[in-house]
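See structure below.
Every number in this text was worked out from the coordinates using simple rules, so none of it is lab data. Quick caveat, the model's predicted, so the values are computed rather than measured. Using ideal geometry, Cβ is built from the backbone for each residue, glycine included, and neighbour counts are taken over all protein chains shown.
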Amino acid sequence: MSVADENNRDDEGREPQRTQVRLPVALKVVVVSTTLEVTESLLEMVETMTGASVEVIVGEIGGIDDSVLQHHNPDVLIADVRLESPTDLDRLRSIVQQAEADTCVIATAQTSSVEGVRRLMRLGISDFLPQPINRDDLMSALQHAARRVRQSRPSEGGHVITFLHAGGGAGATTLAVNCASSIKETNEKAKVCVLDLDVQFGQVAINLDLKGSHGVLDLLENPERLDAMFLESIMTHHKSGLDVLVAPDVLVALDAIEPELVVRVIEVAAELYDYVVIDMPLALTPWSQSVLGRSDVAVMVGQLTVPGIRQLRRLAGILTSDGVGDVRTLVVLNRFLGGWKTSIRPKEAEKVLGRPIDFLVANDFKIASQCIDQGVPLSEIKKRSTIHRNVAEMANGILSLLSEKHGASYLES
Ligand SMILES: Nc1ncnc2c1ncn2[C@@H]1O[C@H](COP(=O)(O)OP(=O)(O)OP(=O)(O)O)[C@@H](O)[C@H]1O
Ligand SMILES: [Mg+2]
């Protein structure tokens, strides 16, 4: 739930009809159609999806130039097809044949008889949208396209996402673990790891019910051995596909860790993994700045209370100081109670912070503790819960920020 959505609730507290959805990668959508209803509804729907831009070619698919893909370079081409027209079907076939792995061709038609859809699928299209086009169908087709585009783009080296918290128990570990799991779910092929750098009181192993005996302690005892092979050998594997570098189960002094070693661990992890999610301790350490300096995104987790927002403001100040590189920051308010149940409203908190709040995650102690008790991510407990939806929105927001940072800006057309 975004703050905009929260502020747009009506008097009865109902959510607005049209929530803005972020796609995990930027997509250029080109629509070929002569039907005003189709083009207008697509334009309207795509407008509610951050990350997608749309261009309309008014014309029949059978009549457009064969080189439409080269000229317009879409990630997604939506072709309005007349099933009874052999010219339309021939041209669609030829376009599908020319499409590279990172271009999805989607067909839409007025009739959606089983036989008609089968004929189109046999041409090799990625998806079919019956008319009138429905937003959920479009969303699911574009999510699918976004996953395909992401997989076919060459990896730029691992992205580093660091979770910090202002105030103990804000939920940073919960969000870090579930963000990692959500990224893995969105992008099955991606290699995702969690580094539990809360070296004194790390909880990631407990949250995921991991019994591994290796982790950060091996690193501290053998810093000279650190390379990709060594790091792989001290990772613990979770059944969800996540790898975890677990925190020591003995007390380690925070200043016993050299900043250079932490930076090196992150660098090696970023060679091995597409996404490196870091859970930081509450205390600021001599190596906190080094971690931030090597992070792409820093997620500050706090709670919507007066002391919680004051603590967040202090933390945000550190993130704008020198030595933290060009880390992008996000503010997430966790355990959000909603509406009248909070003493301070998100808009007021934004004023105190002097910056926007990016995501709100609902309070749901029952589901959060069930996850810990069973050692699994939220998605395995209750996918349809608000807390899971909020965490998935946050993870998608982080992915969007990363794709902007690495050149696939939403502003690009
Ligand atoms: N959205 C939520 N709704 C309800 N309970 C939550 C939520 N998020 C986390 N919790 C619960 O809050 C407690 C603290 O969570 P967590 O360990 O993730 O916080 P933390 O910020 O990492 O704390 P620490 O300061 O110990 O590192 C846990 O019991 C967890 O189950
Ligand atoms: Mg924690």
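Take every DSSP beta bridge whose two residues both sit in the chain, then give the antiparallel share in percent to the nearest 5.
On the way: 2 of 52 bridges.
Taking every DSSP beta bridge within the chain, about 5 percent pair in antiparallel fashion.
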*the chain: mean projected area of Cα convex hull, nm²*: 21.7
*Expressed as a whole number of Å, what is the distance separating the alpha-carbon centroids of the range 332-367 and the range 169-223?*
25
*Residues with amide H under 5 Å from that of R328, placed H, sequence gap 5 or more*: V297, A298
*Have a look at the DSSP beta bridges in the range 236-380 and tell me what percent are antiparallel, nearest 5.*
15
*Using Cα pairs closer than 8 Å and at least 6 residues apart in sequence, work out the relative contact order for the range 159-405, in percent.*
27
_Going by amide H atoms built from the backbone, whose H comes under 5 Å of the H on K382, apart from near neighbours?_
none
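Would you work out the relative contact order for the range 244-357, in percent, from Cα pairs under 8 angstrom that are 6 or more residues apart? Don't skip to the end; give the middle numbers.
Details: 112 pairs, mean separation 28.4, N = 114.
With pairs under 8 Å counted, the relative contact order is 25 percent.
Relative contact order for the range 85-222: what is it in percent, counting Cα pairs under 8 Å that are at least 6 residues apart? Mind showing how you got there, number by number?
Working: 88 pairs, mean separation 21.6, N = 138.
Dividing the mean separation by the residue count of the range 85-222 yields 16 percent.
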*Ranked highest first by average number of other Cβ atoms within 10 Å, how do 359-371, 55-67 line up?*
359-371, 55-67
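When DSSP beta bridges are limited to those with both residues in the range 159-405, what percentage is antiparallel, rounded to the nearest 5?
Values: 2 of 30 bridges.
Taking every DSSP beta bridge with both residues in the range 159-405, the antiparallel ones total about 5 percent.
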*Give a residue-ordered list of calculated ³J(HN,Hα) values for the range 288-294 (Karplus: 6.51 cos²θ - 1.76 cosθ + 1.60, θ = phi - 60°; whole Hz; x for Gly, Pro).*
4, 5, 5, 5, 5, x, 9
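In deg cm²/dmol and to the nearest 500, what is the mean residue ellipticity at 222 nm of the chain if only DSSP H runs of at least 4 residues count, each as -39500 (n - 2.57), divided by the residue total? Mind dumping the intermediate values first?
On the way: 17 runs with 169 residues, N = 413.
The helix contribution divided over the chain gives -12000 deg cm²/dmol.
Ranking request for peptides 91-102, 158-169: highest mean number of other beta-carbon atoms within 10 Å first, then the rest in descending order. If you can, show how the numbers build up before the last one.
On the way: 91-102: 15.7, 158-169: 22.7.
Averaged packing, sorted descending, gives the order 158-169, 91-102.
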